[in-house]
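Below is one structure, written out as structure tokens, with a few remarks after it.
The values are calculated or read from the model by the stated rules, or taken from the named source; none is laboratory data. Please read all numbers here as calculations on a predicted model, not as lab measurements. Neighbour counts run over all protein chains shown; Cβ positions are idealised from the backbone, glycine included. Side chains included, ligands, DNA and RNA excluded: accessible areas come from the protein's heavy atoms. Shrake-Rupley method; radii C 1.70, N 1.55, O 1.52, S 1.80 Å.
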Amino acid sequence: MRTSGLGGEGQKYALTSDKDDSDFWGFAHEAEGLFTPLPGEEGARRVHLAGCLPQGGLPRCVDHVGSRRAVAGNAWFELLDGDGATMGSYFVNEVTVIDVKPSASGVGLVDLTVTLWCENALPGAERPWELVRTGRLNHTGMWYEPANQWACPAWPVWNCTNASPSGLVAVNCPSRSVFQRCC
């Protein structure tokens, strides 16, 4: 399992440039919108990142909101467990900062709104990720069914060294996701 090495309490998400793993863009305490496609645009997302400390190549984009220089580029959007270890990640395209405000999450933090493209962050996947993060996805054969529809989180099925802390991975099926023990 990868860890970002820069974790801290309450940080649930991280962004890292896809070009260079050492170009870490920062953590966020919350992310709203990753699993909600914009109407009429299946992969387009508007994501609100609360409690961010922009790092690496991201601060230059924050300083240029509204211009072409606000485009940060492609990244890995990582979902972190309670210890700051990466549980899973989504490749996201064209991360662009469209708004920045001081954050209520802490001194020196900002709330960013970004646009990005991610077809694999499917609606309904937030809840299963939260179950893994909080350690409640803790046995095989679990199903998640919001509002009588099967959720298909599209989690990456990694090798055993990248399974969740509980050793569970999600396997996508055409109509549902199956959580099973890795190896």
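Temperature 10 °C, viscosity 1.306 mPa s: under these conditions the Stokes-Einstein estimate for region 58-133, based on its Kirkwood radius over C-alpha pairs, is 114 µm² per second.
For region 1-110, the carbon plus sulfur part of the accessible surface works out to 50%, probe radius 1.4 Å. Per residue, the convex hull spanned by the Cα atoms of region 14-60 amounts to 90 cubic angstrom.
Spacing of the modelled spin labels on Glu119 and Ser67, each 7 Å from Cα toward Cβ, amounts to 3.4 nm.
What whole-number value in Å² describes the accessible area per residue of region 77-142 for a 1.4 Å probe?
44 Å²
In terms of overall dimensions, region 1-118 has a Cα radius of gyration and Dmax of 13.1, 38 angstrom.
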